[in-house]
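Enquirer: Just passing along the structure, written as C-alpha cells.
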Number of protein chains: 2
Amino acid sequence: WQRREVELLTLNELPAETRDGKRIVLKANIEVPEETESAIAHGAEGIGLYRSEFLFLQPGGYSSEDVQYDAYARVLKAMAPYGEVTIRTLDVGGDKVIPGMAGLDEKNPILGWRAVRFCLSRKDLFRTQLRAMLRASVHGRLRIMFPMISGIEELENVLALLDECRQQLREESIPFAEDIPVGIMIEVPSAALTADILARKVDFFSIGTNDLIQYTIAVDRGNEKIAYLYEPFHPGVLRLLKRIIEDAHNAGIPVAMCGEVAGDPYAAVILLGFGLDVFSMSSFGIPEVKKIIRSVSMSEAEELVGTIMEMKSYKEIDSYVRSWMNERFDLAVT
Amino acid sequence: WQRREVELLTLNELPAETRDGKRIVLKANIEVPEETESAIAHGAEGIGLYRSEFLFLQPGGYSSEDVQYDAYARVLKAMAPYGEVTIRTLDVGGDKVIPGMAGLDEKNPILGWRAVRFCLSRKDLFRTQLRAMLRASVHGRLRIMFPMISGIEELENVLALLDECRQQLREESIPFAEDIPVGIMIEVPSAALTADILARKVDFFSIGTNDLIQYTIAVDRGNEKIAYLYEPFHPGVLRLLKRIIEDAHNAGIPVAMCGEVAGDPYAAVILLGFGLDVFSMSSFGIPEVKKIIRSVSMSEAEELVGTIMEMKSYKEIDSYVRSWMNERFDLAVT
Ligand SMILES: [Mg+2]
Ligand SMILES: [Mg+2]
C-alpha cells in the first residue's frame, strides 16, 4: 500500500491530461482552512469546494464577518499560487443540522428549508457571509458558489443580494475583486432540466451528485431500508449528467463536479467521456483519479460513454463499467 | 353557482372532444367504492386512480384477500358499463402513514420506504393484494397500476411478482382476466428520464404530478417554509411532462395523469397541447375540464405550449397561462 501511495504522490508534478492531450483540472474539497496544505500536497490545482458550514457551527453561534473573512483569506492566500478557491455559501439544512438554524423539526429536511432557501430568508446572515467573501477576494482567486438553486427566480434573488453587498462595500470604500466568477451547484433536478437557461446567468456549474441522485431517484441514501436504490450509474442519472454538461458547454461555461461521484475512480472515465472539465474531491483521491485520466484517451472515454448510454438498466451499466475499469486499472477501492 | 353546476352537469352526455375532433378521456380518482356513483354522475369514463390505501387502514389491520376482492369487484361491476378501473397497488409511506407499516420513524419519509419499495419487502401483503385484484378482474375492466417505480429493475421485480400470482391462481383454478393492462405511475424523476425504456415494458403510464414536482424541485410541499417553491409550471417540470408523453407515444402507449395538475383548469390546455390522453381527477372537477377541452382546438393548445416552452421562468409562464385562460374562460377557481 505504501509503495502505491508514494507512486501516486509522484504524479503531483504531472498534469491531469488524457493520452490524447485533453487537459482536465483536479481540485480538492475542503471543510476547514487547515486542509489546504493536504490539498496542495496531493496536487490539487485549486479548491473546488470550500464548505463554509464549519464557520456557522461555532459554540458561540455563527462567526462574525471578520472571523469569516480571516478564514476565507487564509485559504485564498495559501492557494493563490496553485489555483482558484470556490467557496460555497452556507449549505445548512438537509442532513446538515446547525442548532438554532435550519434542518430541525422538518418532516422531510432533505426536501426542506436548506441552503439558499434558508439564506434568502435570513438575509442578515447571508449578507454577512457574502461581504466576508467579497472582502477576502483581494487575497487570491475567489469563486463564489450557491448551493441548491432550483430555478431562475431563486438564482436572480441571490445574484441581486450579491450585487447589493458589492454596492455596500463600494460605498464603504472596502476593496474587493471586481471579476469574481459566480456559479451554482446543480443538484436539484429542476435546475439540471433547465441548465441551458441557468447557464446564461452564471460563470460556472458544479454538479452536486449526492443530492442530485437522491432527488432524481427519490431516495434518502441515509435510510438503510431503501439505500440500495441510490445508484450513481442509473441511466436516468447519467442522462441528466450528460445533459447538464452539454447545456453548459453550449452556453460557453465550464462544469465541475464536487459530489462523491467525482472522486470515484470507477466513474472517472465516464465523466471524462461526458466532457466534465473539473473534478473536485477529497485530496486523497486526487492521485488515483489523475492516474486514470493520464492512462486513457478522450476517444476511449467517449466510446465507453457511447456504449453505456445505450444500456437500459443500472445493473447492466454498473457491471459493464466495473469490468471495463478492472481490465485496465488496478483500483484500490471497489 | 348552482346554475353553473347544473350547466356543467348537462355536459355529461357530451364527449370530451376538442373543437378539431381530438377525443380525450376524463376519468375519476376515488378512494372508496362508495365514490363510484359520484364518478358516474359527473361523467367519468372510468376510474383513473382507485387508491387502495383505505383497505389497509382498517382498525383490525389490513383487509384480507376476500375483503379486498369484494371492494375491487364492487367498483369494477359498477363501472363496467362506463369504462376501465385502474387500481393502484398499496401506496403507503411518504405522507401516507399506516400504523404498523411504512412511513414511521423515517427522517425523510417522502424519499423513503414507500409504495412498491415497501411492498417488495412485504411480499406476503403484496401478493394478497395482487391476487385480490386478479380475482376481481372477471367483474369488469381492470387495469393494475404500480406507484413509485424508479427504474427498470424495480419494474421487472413487480411484474415478476404479478406473474407469480397469476400462476398461483391458475394452479388453484381460480379465474381471472388474461388481458389486464398493467401500467406504472411516473412520479420519480429517474422514471421520467427513462420513460422510453420503461414504456416498452408496460401498457400505460399515469403521471403523478404531486410527487413528481416535489422530487423535481426538491420541495416538500407540506413544509410551509418552502412550499412556495412547489411550481407545477416550472419550466423543468413542463419539460419533463412533455418528454414523458412523447416517449410513451413513441412506444405506442397512452398517458394518463392522476395528480392534482390533471384537475387544475389552468393546466388543462397545456396538457392537451402536450398530447395527454387521459385526465383523471376528483369527480367534481370533470365537468369544468370537459368544458375547457370542448372549447379549444388542438392547434390552439399546441400553439400555447409552443409559446410557453420558450419561456425561461415559472413566473413568466404562470402569468401568461393565467391570462390566456382568463381571456377565454370564466374559471371558478384560481
Ligand atoms: Mg447538496
Ligand atoms: Mg405518489
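Enquirer: How large are Rg and Dmax for segment B:133-275 when calculated on the C-alpha trace, in angstrom?
Expert: Reported Rg and Dmax, both Å: 16.9, 55.
Enquirer: Which of B:Arg143, B:Arg322, B:Arg88 moves the most in a Gaussian network model of chain B with Cα springs under 10 Å?
Expert: So, out of B:Arg143, B:Arg322, B:Arg88, the one fluctuating most is B:Arg322.
Enquirer: If the elastic network links every pair of Cα atoms under 10 Å, which of B:Asp105, B:Asp70, B:Asp91 fluctuates the most in the Gaussian network model of chain B?
Expert: Of B:Asp105, B:Asp70, B:Asp91, the Gaussian network model singles out B:Asp105 as fluctuating most.
Enquirer: Skipping prolines and chain starts, which residues have an amide H placed within reach, meaning under 5 Å, of the one on A:Glu45, given they are 5 or more residues away or on another chain?
Expert: Correct list: A:Leu26, A:Lys27, A:Ala28.
Enquirer: Efficiency by 1/(1 + (r/R0)^6): what FRET value for A:Glu246 and A:Leu169, r their Cβ-Cβ distance, R0 = 25 Å, to the nearest 0.05?
Expert: E between A:Glu246 and A:Leu169, to the nearest 0.05, is 0.10.
Enquirer: Leaving out ligands, DNA and RNA, what percent of the accessible area of segment A:251-313 is carbon and sulfur, probe 1.4 Å?
Expert: 51
Enquirer: Now, a different point. Could you provide, to the nearest whole Å², the per residue accessible area of segment B:262-317 with probe 1.4 Å?
Expert: It amounts to 32 Å² per residue over segment B:262-317.
Enquirer: DSSP beta bridges in chain A, what fraction antiparallel, as a percent rounded to 5?
Expert: Bridges in chain A that DSSP calls antiparallel: roughly 5 percent.
Enquirer: Averaged over A:229-235, how many beta carbons belonging to a partner chain fall within 10 Å of each residue's beta carbon?
Expert: Shielding by partners across A:229-235 averages 4.
Enquirer: Which percent, to the nearest 5, of DSSP beta bridges fully inside the protein assembly as shown are antiparallel? Kindly include the intermediate steps, with their values, before the conclusion.
Expert: Numbers: 4 of 58 bridges.
Percentage antiparallel, nearest 5: 5.
Enquirer: May I ask you to list the residues of segment B:185-200 whose amide nitrogen lies under 20 Å from a point 7 Å from Cα along the Cα→beta-carbon direction of A:Ser319?
Expert: B:198, by backbone N distance to the label point.
Enquirer: I'd like to check one number: the per residue accessible area of segment B:47-206, probe 1.4 Å, reported in Å² as a whole number. It would help to have the intermediate numbers written out before the result.
Expert: Working: 5550 Å² over 160 residues.
That works out to 35 Å² per residue.
Enquirer: Using a 1.4 Å probe on the protein heavy atoms, what percent of the accessible area of segment B:55-193 belongs to carbon and sulfur?
Expert: Answer for segment B:55-193: carbon and sulfur cover 50 percent of the accessible area.
Enquirer: Which of these, A:Leu11, A:Leu142, A:Leu134, has the largest mean-square fluctuation under a Gaussian network model of chain A (Cα springs below 10 Å)?
Expert: Maximum fluctuation in the GNM of chain A, among the listed residues, is at A:Leu11.
Enquirer: Same structure again: Of the listed pairs A:Lys107/B:Lys315; A:Lys312/B:Lys22; A:Lys77/B:Lys315, which have alpha-carbon separations greater than 30 Å here?
Expert: Going by Cα-Cα distance, A:Lys312/B:Lys22; A:Lys77/B:Lys315 fall outside the 30 Å limit.
Enquirer: Still on this model: Using a 10 Å cut-off on Cβ to Cβ distances, tally the other chain neighbours for every residue of A:210-223 and report the average as a whole number. All intermediate terms of the calculation are to be shown ahead of the outcome.
Expert: Working: counts 0, 1, 2, 1, 4, 10, 10, 9, 20, 9, 8, 2, 5, 8.
Rounded to a whole number, the mean comes out at 6.
Enquirer: What total accessible area, in Å², is buried where chains B and A meet, using a 1.4 Å probe and rounding to the nearest 100?
Expert: Buried surface at the B/A interface: approximately 3800 Å².
The values are calculated or read from the model by the stated rules, or taken from the named source; none is laboratory data. Please read all numbers here as calculations on a predicted model, not as lab measurements. Don't worry about glycine lacking a Cβ; one is built from the backbone with ideal geometry, like all the others, and counts go over all protein chains shown. The protein model used for the area step is the full one, side chains on, heavy atoms only, and it has no ligands, DNA or RNA in it. Shrake-Rupley method; radii C 1.70, N 1.55, O 1.52, S 1.80 Å.
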